[in-house]
1. For region 25-39, how many residues are out of contact with any helix residue (DSSP H, G or I) (no Cβ under 7 Å at 6 or more places or on another chain), part of a loop (DSSP other than H, G, I, E, B) and over 8 Å from residue 59 (Cβ atoms)?
2. What are the pairs with Cβ atoms under 8 angstrom where one residue, in region 1-16, is part of a loop (DSSP other than H, G, I, E, B) and the other, located anywhere, is modelled with pLDDT under 70? Sequence gap at least six, or different chains.
């Protein structure tokens, strides 16, 4: 009965996937979203390495989310 329900079968959903920055090493994707929920200092070598790894995973589009405005200056 549920297989024939027009409302139940009306949606076509694509599932999204997320991986950690370090788990993503060696892979690349067309679009990459990098979320920075905490304030990190650019003078911390660990953060700079993490950020480099995250940014270089993008082939076409890179979205930076939650970065402080001073990051862009």
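The values are calculated or read from the model by the stated rules, or taken from the named source; none is laboratory data. Everything numeric here is computed off the predicted structure, so don't read it as measured data. Methodologically, a virtual Cβ is constructed for each residue, glycine included, from the backbone with ideal geometry; neighbour enumeration extends over all protein chains shown.
1. Count: 6.
2. 8/2
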